[in-house]
Amino acid sequence: MSFFDRFQPLTIGRAIRTAWPAPELILGPLQAGDVGLISGADGIGKSYVAACAALAVAHGRSDLFGGMWDVPNATAQVVYFAVEDRETDHGRRLQWLAQHARRFDGLHTEEEDDSVTLLPTQGVRVQLIERGEKPGQYVVTATGEEWAAMVKDYRLVIIDPLRAFHGLDESDGPGMDFLVRWLVSIAMKNQQAILGVHHASQSAILDRRDDHHAGRGATDLPAGCRGVWVVRGLNETELKRLGLGGGQGEDAQQERRLWRALVNGKASHGDEAGVRYLKKQEKGVLRVDALPGSSTGRQTPQTPDKNSYTRSKNGQSAALAGGDNDWE
């Protein structure tokens, strides 16, 4: 059998006459077989946002945490690999998220609920990919093969942080391309979505960048992902809407620390092209809220580079005291 015999040709005629199924979405624009990224600075709340995605997918609830994530109305199994922090840290945070969702979104979870499984490695790296013996060669490790088989029954797989799951240089474009293409092949084979948590570059943090190349290292990694979300602090325009533009007082500083922006960095049109504003609640839980002037919680951007799109299922979140317990 030749190389090309492995592939089935798709002609325009077959495309026209075939009744193709509707997109099988799992998380936002991610379909079965897609890889996505959540990018942001240390301590900005990436892991809280990823955990909210896990709960939303597991329970089929797009309204959780004020409407942070769009998911199908169907339950699914989720596995979350977490390298940093202790099991007790993760346990408390998952408990806080579940309690918040129960209190404000009516999420009912049983003590036997196993829809979300978090596997804390407590600092141990899980090396899925490494350099080969020859220059420019990359190989899947035995651990990587075992991992791919182990995750096959989960609809959403979260790896946090992505840097702890490979032995490559993040600035190595071909290496990052190999990594993301391999993850895509696993997601395709298992009919699942894989979501990585990725650190932002220093320049992206300082510039409050929204684009999908805000992550650290080679651009090959985000380029190979179907969806990339950027978690950042508010920019000057958004701070002015809060009445905090240039504010240096302690009250102003405290208020601005409560807010985050969750940006779809690969959006191209419609509802995908926007920002969801998150406000820190009790125990550091993040929830979608509307900036002043956005009473409906949703606005259409005037121009592609304006961060004026907001969303909140409930109009505004419950007024809770802001905690300082960030979960990266």
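The values are calculated or read from the model by the stated rules, or taken from the named source; none is laboratory data. This structure is a prediction, so every number in the text was calculated from the model and none was measured. FYI the Cβ positions are ideal-geometry reconstructions off the backbone, even for glycines, and counts take in every protein chain you see. Ligands, DNA and RNA are excluded from the accessible area calculation, which covers all protein heavy atoms including side chains. Shrake-Rupley method; radii C 1.70, N 1.55, O 1.52, S 1.80 Å.
Amide H to amide H distances under 5 Å link T121 with A82, V83, where only residues 5 or more positions off or on other chains count and H is placed in the peptide plane.
Modelled label positions at A252 and R6, each set 7 Å beyond Cα in the direction of Cβ, lie 6.0 nm from each other. Restricting the chymotrypsin sites (Phe, Trp or Tyr not before Pro) of region 117-184 to loop positions (DSSP other than H, G, I, E, B) with no more than 11 neighbouring Cβ atoms within 10 Å leaves nothing. Over 23 Å, how big is the tail of the calculated P(r) for region 1-125, in percent of all Cα pairs? Distances greater than 23 Å cover 45 percent of the Cα pairs.
Derived value for region 133-282: Kirkwood hydrodynamic radius 17.5 Å. Basis is the mean of 1/r over every pair of different alpha-carbon atoms.
Site pair D89 and K189 shows an inter-label distance of 3.2 nm when each label is modelled 7 Å from Cα along Cα→Cβ.
How many angstrom lie between the C-alpha centres of region 215-237 and region 1-60? Region 215-237 and region 1-60 have Cα centres separated by 17 Å.
For the chain, adding -39500 (n - 2.57) for each run of n ≥ 4 DSSP H residues and dividing by the number of residues yields -8000 deg cm²/dmol at 222 nm. The alpha-carbon atoms of region 61-134, seen along their principal axes, cover 54, 29, 22 angstrom, with the largest extent given first.
With the whole protein complex present, K134 retains an accessible surface near 140 Å², based on a 1.4 Å probe. Using a probe radius of 1.4 angstrom, the carbon and sulfur fraction of the accessible surface of region 96-143 is 47%.
Taking the Cα centre of region 121-243 as reference, the dipole from Cβ charges on Lys and Arg (+1) and Asp and Glu (-1) amounts to some 320 debye. Return the subset of K46/K152; K152/K280; K134/K266; K46/K134; K189/K283 for which the Cα-Cα distance in this structure is over 30 Å, preserving the input order. Going by Cα-Cα distance, K152/K280; K134/K266; K46/K134; K189/K283 fall outside the 30 Å limit. In plain terms, if you count all Cα to Cα distances in region 143-197 and split them into 5 Å steps from zero, the share in each step is 5, 18, 31, 28, 13, 5, 0 percent. Could you run the Debye sum over the Cα atoms of region 161-244, one equal point scatterer each and no solvent, and tell me log10 of I(q)/I(0) at q = 0.14, 0.16, 0.22, 0.25 Å⁻¹, two decimals? The Debye formula, applied to the Cα set alone, gives -0.54, -0.66, -1.05, -1.26. Rounded to the nearest 20, the Cβ-based charge dipole of the chain about its Cα centre (Lys and Arg +1, Asp and Glu -1) stands at 840 debye.
Remark: accessible surface ordering of M150, M188, M68 (largest first) is M188, M150, M68, probe radius 1.4 Å. In loop segments of region 86-178 as defined by DSSP, the GluC sites (Glu not before Pro) with at most 11 further C-beta atoms inside 10 Å of their C-beta are E110, E111, E112, E133. Taking the Cα centre of region 99-168 as reference, the dipole from Cβ charges on Lys and Arg (+1) and Asp and Glu (-1) amounts to some 480 debye. Between T121, A261, G132, whose Cα lies farthest towards the positive end of the dipole of the chain when Lys and Arg beta carbons carry +1 and Asp and Glu beta carbons carry -1, centred on the Cα centre? Result: A261, furthest along the dipole toward the positive end. Under the criterion of Cα pairs below 8 Å and six or more residues apart, the relative contact order for the chain equals 21 percent.
Cα-based radius of gyration for region 67-202, normalised by 2.2 N^0.38 Å, reads 1.18.
Backbone phi angles across region 211-218, fed through the Karplus curve with coefficients 6.51, -1.76 and 1.60 (θ = phi - 60°), yield HN-Hα couplings of 6, 6, 8, 5, x, 6, x, 5 Hz in residue order; Gly and Pro are listed as x.
Amide H contacts of L107: R102, each under 5 Å away and 5 or more positions distant or on a separate chain (H built 1.01 Å from N in the peptide plane; Pro and chain starts excluded).
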